[in-house]
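A short worksheet on the structure shown next.
The values are calculated or read from the model by the stated rules, or taken from the named source; none is laboratory data. Just so it is clear, the model here is predicted, and its values are computed rather than measured. Note that we place each Cβ from the backbone using ideal geometry, even for glycine, and neighbour counts take in every protein chain shown.
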Amino acid sequence: MRKLLANRERRINLAITIALFLLSLLFVLPLYWTSVFATRSLQDVFSFPPPFWYGDNIVRNYQNIANVFPPFRPIINSLIVAVPKTIGLVLVSALAGYGLSRYGRAPGHRFLLAMTFATLFFPPTLALIPFFLQMSAFGWLNTFWPLIIPAMASGFGVVWMYTYIGSTIPKELYEAAEMDGAKGLSTFFFVVLPIIRPGLAALAVWTLISTWNDFQLPLVVLAEGSRFTVPLALTMLSTTHYSDMPAVMLATLMGLVPVFVLFALLSRQFIAGLTSGAVK
Amino acid sequence: MALGRTGKTLRQMRRDNAFYLAMAPFVVIFLIFSVFPVLFSFYLGFNQWDGFSEPRFVGFENYLRALNDPVFQKAIWNTIYLWFWSSVVTVTLALGLAVLVNEYVAFGKNWFRMVFLLPLLVAPAIAAIILRVFFTSSGGLVNLFIGSITGTPSYFDWLGSQEWIKPLVALLVVWRWTGWYMIIFMAGLQSIPRDIYEAARIDGVGRWAIFSRITVPLLMPSIAFAVITATLGGLQMFDEPYVLTQGLGGTNNSTTTIGMYLYATAFTQFNFGLGSAVSWYIFAAVVVLTLSYRFLNQRMREGAGA
């Protein structure tokens, strides 16, 4: 009887696993098809049944993109924005998170901590219009600066580092460092930074990916096609050359590859980052 | 006396001077690029300004004008529709998946964790482009598929249809976000002690009862977190409908969201005052929803404690 039950249970488990597996394939199917279409000719794509396997038209499709814009230009632009912004954001956040976590008794601490948490509930949309006008006054429109410098101050990043540092660094460490003669900021750079590397990595991956995917702010700030980041350039291509589906798909694929490579390398940190936000 | 306290504060500040140095970069950048624009936006909301001529003070006119604009009314309705359906479907699907993967899948759990998360890596704008390709009226995969089933070629204009465009936007949100919520729920499930389940099974409690009476109540903090993040995102939805309708909001504004309305007033009509007023409506909605979430959360905790 028991064995029978166990058998039945195992079969149910297997059936559900298979059903879930099929559903998961449905989730990646659009991405798979994107990559297949990128290698096919226009005729293949319009035929039925649609091609399920790769073709050999990738070079032609690449040339078709190249007729509209240099295919790697948007990727380089996105890197120019995302890399410095991420480094800056992670450093600024770690510094502030360290300050908030260590100096609980400093005058003004409570106010700054409350302010940082409050920023999480400010919709970015609220500042969009005046930010645009401000950038125009700075003469920063159609440059990468508005996408790099202002974004370095992220309430989300500070809260993240504040909780991370609070949970990984024991207070005694600060006292020990002080006795060894390390002052506040040198303690940060030489003692704290090396310990919190996993937290920095998680925040960095999260920032890189969300910056790569940013759409509204670049849309408002960048005017010239040669400055467009990946999502903007692809949107432009898909509007002006929507009939050339394979070229649009190839360009899409090229824009996705950097993020997917990053995810493949650092998925553990990425997922750890996701869940750490939810624990609060 | 007062002087003594000031002196003490000053001494403490000098002792903790590293605190101010550490906070300085964040605070300075934040003041210049966030606090100042928000204050300026408050000022703009009460003025009429096209960015060139002198701003003109108009009181609450912008706020009233937005409310009386049929397009804005439609945008409110569209935003509520998209927020509601995309959150409900995403959170339910993610919860179901998380429980099923957690309970029934014996091997390859990591596969599910990865695969459902992949769509989140795709920018909303890019996801919208992919969806456009599949749903194009002539030669789109979906129409080809329908044509082969029915035998007559189909040229249905999904993206131009007023009935279908909103579900398509919601589908995009569901596709991108399900994996993220699933991972959050799976982390939440890990924190539920196993022996509660053991005890329930020994007592002969059915699977559905275990799910609805044990899993869901104990997972409530994660579910509440998921709902509030889905709400914050949903209220500001812009990228998906914008790219899917090529910036136009669909036939007859059928999927113009509040975020798109704001963008159009400010950056195509250069009515910065009206746009700012709209952004304060979004802020008000966020505040109201966040506070009611906190209120409900507190009530629930008190209820659980009693």
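Scanning the range B:92-104 for residues that are facing chain A (nearest Cβ under 8 Å) and not β-branched (Val, Ile, Thr) yields B:97, B:100, B:104.
Which one is nearest to the chain's Cα centre (by Cα) among residues in the range B:75-111 that are among the hydrophobic types (A, V, I, L, M, F, W, C) and over 23 Å from residue A:19 (Cα atoms)?
Step one: filter the range B:75-111 for residues among the hydrophobic types (A, V, I, L, M, F, W, C), giving B:75-77, B:80, B:82-85, B:88-89, B:91, B:93-95, B:97-101, B:105-107, B:111.
When the remaining residues are screened for being over 23 Å from residue A:19 (Cα atoms), the result is B:75-77, B:80, B:82-85.
Values: B:75: 16, B:76: 15, B:77: 16, B:80: 11, B:82: 10, B:83: 7, B:84: 10, B:85: 12 Å.
By that ranking, first place goes to B:83.
Quick one: in the range B:156-196, of everything that is out of contact with any Phe, Trp or Tyr (no Cβ under 7 Å at 6 or more places or on another chain), away from chain A (no Cβ under 14 Å) and part of a helix (DSSP H, G or I), which residue is farthest from residue A:270 (Cα to Cα)? By that ranking, first place goes to B:165. A single member of A:42, A:31, A:26 is among the aliphatic types (A, V, I, L, M) and farther than 14 Å from residue B:134 by Cβ, and it is A:42. Of the numbered criteria (1) at pLDDT below 90; (2) in contact with a helix residue (DSSP H, G or I) (Cβ under 9 Å, 6 or more places away or on another chain), the one residue B:204 fails is (2).
For the range A:140-179, the set of residues classified as surrounded by fewer than 17 Cβ atoms within 10 Å (Cβ to Cβ), under 20 Å from residue A:101 (Cβ atoms) and not hydrophobic (A, V, I, L, M, F, W, C) consists of A:166, A:167, A:168, A:170, A:171, A:172, A:175, A:178, listed by residue number.
Here residue A:45 meets each of (1) at pLDDT below 90; (2) farther than 30 Å from residue B:100 by Cα; (3) not in a helix (DSSP H, G or I) with one exception, condition (3).
Just checking: which of the helices (runs of 4 or more DSSP H) contained wholly in the range A:184-280 hold 2 or more residues that are at pLDDT 90 or above and of a type in the set (A, V, I, L, M, F, W, C)?
Details: elements: A:184-187, A:197-213, A:216-221, A:230-240, A:245-279.
Correct list: A:197-213, A:216-221, A:230-240, A:245-279.
Please pick out the residue among A:248, A:220 that is in contact with a Ser or Thr (Cβ under 6 Å, 6 or more places away or on another chain) and of a type outside the set (Ser, Thr, Tyr).
A:248
When you check residue A:79 against the structure, is it in the same structural domain as residue A:207 (by TED's automatic domain parsing) and surrounded by 11 or more Cβ atoms within 10 Å (Cβ to Cβ), yes or no? Yes; evaluated as a whole, the condition is true for this residue. Looking across the range A:182-227 at every residue that is among the basic types (Lys, Arg) and more than 8 Å from chain B (Cβ to nearest Cβ), the one that is surrounded by the fewest Cβ atoms within 10 Å (Cβ to Cβ) is identified as A:197.
How about the range A:49-70: which of its residues are surrounded by 13 or more Cβ atoms within 10 Å (Cβ to Cβ) and part of a loop (DSSP other than H, G, I, E, B)? Result: A:50, A:51, A:54, A:55, A:57, A:68, A:69. Residue pairs whose Cβ atoms lie under 7 Å apart, separated by 6 or more positions or on different chains, with the first residue in the range B:184-203 and buried (at least 16 other Cβ atoms within 10 Å of the Cβ) and the second not in a helix (DSSP H, G or I), are B:185/B:219; B:188/B:219; B:189/B:219. The lone criterion from (1) in contact with a helix residue (DSSP H, G or I) (Cβ under 6 Å, 6 or more places away or on another chain); (2) not in a helix (DSSP H, G or I) left unmet by residue B:71 is number (2). Looking only at residues of the range A:119-163 that are more than 24 Å from residue A:212 (Cα to Cα) and in contact (Cβ under 8 Å) with a residue 24 or more places away in the chain, we find that the one that is nearest to the other protein chains (Cβ to nearest Cβ) is A:162. A count restricted to the range B:246-298 and to residues that are over 19 Å from residue B:231 (Cβ atoms) and within 11 Å of chain A (Cβ to nearest Cβ) stands at 15.
Here is a yes/no grid of residues against (1) β-branched (Val, Ile, Thr); (2) more than 8 Å from chain A (Cβ to nearest Cβ); (3) assigned to a helix (DSSP H, G or I); (4) without any contact (Cβ under 8 Å) to a residue 40 or more places away in the chain:
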{"position": "B:106", "(1), (2), (3), (4)": "no, no, no, yes"}
{"position": "B:111", "(1), (2), (3), (4)": "no, no, yes, yes"}
{"position": "B:114", "(1), (2), (3), (4)": "no, no, yes, yes"}
{"position": "B:118", "(1), (2), (3), (4)": "no, no, yes, no"}
{"position": "B:129", "(1), (2), (3), (4)": "yes, no, yes, no"}
{"position": "B:133", "(1), (2), (3), (4)": "yes, no, yes, yes"}
{"position": "B:146", "(1), (2), (3), (4)": "yes, yes, yes, yes"}
{"position": "B:149", "(1), (2), (3), (4)": "yes, yes, yes, yes"}
{"position": "B:154", "(1), (2), (3), (4)": "no, yes, no, yes"}
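Within the range B:49-64, if we keep just the residues that are crowded, with 17+ Cβ neighbours inside 10 Å and within 28 Å of residue B:250 (Cβ to Cβ), the residue that is modelled with the lowest pLDDT turns out to be B:62. Being surrounded by 14 or more Cβ atoms within 10 Å (Cβ to Cβ), among the basic types (Lys, Arg) and within 29 Å of the chain's Cα centre (by Cα) is true of residue A:73.
Across the range A:94-108, the qualifying residues are those that are facing chain B (nearest Cβ under 7 Å), of a type outside the set (A, V, I, L, M, F, W, C) and part of a helix (DSSP H, G or I), and the one among them that is farthest from the chain's Cα centre (by Cα) is A:99. Look through the range A:228-275, keep the residues that are of a type in the set (S, T, N, Q) and at the interface with chain B (Cβ under 9 Å from one of its Cβ atoms), and return whichever of them is farthest from residue B:229 (Cα to Cα). Among those residues, the one meeting the criterion is A:243.
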